[in-house]
Amino acid sequence: MGSGQQKVAVVTGASSGIGAATARHLADEGFEVVLTARRTERIEELAKEIEAKGGVARAVTLDVTDRAAVDAFAGSVGRVDVLINNAGGAFGAESVERGDPADWLAMYQVNVLGVLHMTQALLPGLRESGDGTVLILSSTAALAAYEGGGGYVAAKHAAHTIAATLRLELVGEPIRVIEIAPGMVKSEGFAVTRFRGDEAKAAAVYQGVSHPLTAEDIAETVTWAVTRPSHVNIDLLVVRPRAQASNYKVHRD
Ligand SMILES: NC(=O)c1ccc[n+]([C@@H]2O[C@H](COP(=O)([O-])OP(=O)(O)OC[C@H]3O[C@@H](n4cnc5c(N)ncnc54)[C@H](OP(=O)(O)O)[C@@H]3O)[C@@H](O)[C@H]2O)c1
């Protein structure tokens, strides 16, 4: 249970990349952070790191696709002011013609149903806080298609739709719904996961791009968005590196 005094931010996918960086930034801003992901050792290490710097952090192992586990988590987490729906990823880069339906299903489960499970389960607590925030990390894939992105684009479009619909449904309540849509971020795991551990293919994604975004860049953006005054709702923010003008128009040296 939380101390009941500090604002509490739950971050999904806090074991790597954007989620881990966001947890560090929110802790620096004075939030008690609840770090969730499937890889327990990583979130426990991060919690220790945050505590060593004077922050307050808890690590809770959680697979966002497991509804029973999410409900149990919601029942034990205590106070919650901010939910950062960050867990997600792309599996494969095949064309629609060649895509594996199992990959499409897995992407839907984590990027869409994961967000749905967490949001449904934590909404009562967010409402009770009197000033709640739901943030969804979608992607520029949520807004436009690109070749080889079909399953991920479809899933992130659905995540975008959750944000847009929820904002309409909750208007009048003290809960903000924020969507951050990053372009190319050179994070720890994203490209490696997409190419199933093939480091060479993963590295090629960023080849010649002088400055892709970093997890830090997005963590700063997320932290800025959730620390605006309560009446300010950053509906949707698209963040790309300067070298990227669209999902597939990228300048490479
Ligand atoms: N990198 C990019 O270019 C980019 C661009 C736009 C949007 N995004 C989005 O940003 C988010 C973070 O991605 P990233 O770049 O930081 O990638 P990452 O380094 O691979 O991190 C992904 C995180 O999601 C967690 N995760 C995956 N499946 C999960 C599940 N079933 N339950 C709980 N946690 C799960 C992972 O933790 P465990 O494996 O420990 O569970 C990991 O912490 C994703 O939603 C991604 O789609 C990334």
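Restricting attention to segment 73-100, the residues being touching a residue at least 40 places away in the same chain (Cβ under 8 Å) and more than 25 Å from residue 185 (Cα to Cα) number 8. Report whether or not residue 13 is of a type in the set (Gly, Ala, Ser) and surrounded by fewer than 24 Cβ atoms within 10 Å (Cβ to Cβ). Considered against the rule, which asks whether it is of a type in the set (Gly, Ala, Ser) and surrounded by fewer than 24 Cβ atoms within 10 Å (Cβ to Cβ), residue 13 comes out as no.
Does residue 167 qualify as being under 22 Å from residue 11 (Cα atoms), open to solvent by 20 Å² or more (accessible area, probe 1.4 Å), at pLDDT 95 or above and basic (Lys, Arg)? Against the criterion (under 22 Å from residue 11 (Cα atoms), open to solvent by 20 Å² or more (accessible area, probe 1.4 Å), at pLDDT 95 or above and basic (Lys, Arg)), residue 167 qualifies. Among the strands (runs of 3 or more DSSP E) confined to segment 124-242, the ones with at least 3 residues that are within 10 Å of the ligand (Cβ to nearest atom) are located at 175-182. In the set 134, 110, 96, only one residue is among the hydrophobic types (A, V, I, L, M, F, W, C), open to solvent by 20 Å² or more (accessible area, probe 1.4 Å) and under 22 Å from residue 38 (Cα atoms); that residue is 110.
For segment 14-21, the condition of being among the β-branched types (Val, Ile, Thr), under 16 Å from residue 132 (Cα atoms) and either out of contact with any His (no Cβ under 6 Å at 6 or more places or on another chain) or modelled with pLDDT of 95 or more (or both) holds for none of the residues.
Of the residues making up segment 189-248, those that are charged (D, E, K, R), farther than 22 Å from residue 151 by Cβ and surrounded by 15 or more Cβ atoms within 10 Å (Cβ to Cβ) are 216, 217, 220.
For the structure I just gave you, tell me whether residue 63 is at pLDDT 95 or above, open to solvent by 10 Å² or more (accessible area, probe 1.4 Å), closer than 18 Å to residue 123 by Cβ and among the charged types (D, E, K, R).
In short, no.
The values are calculated or read from the model by the stated rules, or taken from the named source; none is laboratory data. Model, not experiment: these values are computed from the prediction. Positions of Cβ are backbone-derived with ideal geometry, glycine not excepted, and every protein chain shown enters the neighbour counts. We work out accessible area using only protein heavy atoms, side chains counted, and drop any ligands, DNA or RNA first. Shrake-Rupley method; radii C 1.70, N 1.55, O 1.52, S 1.80 Å.
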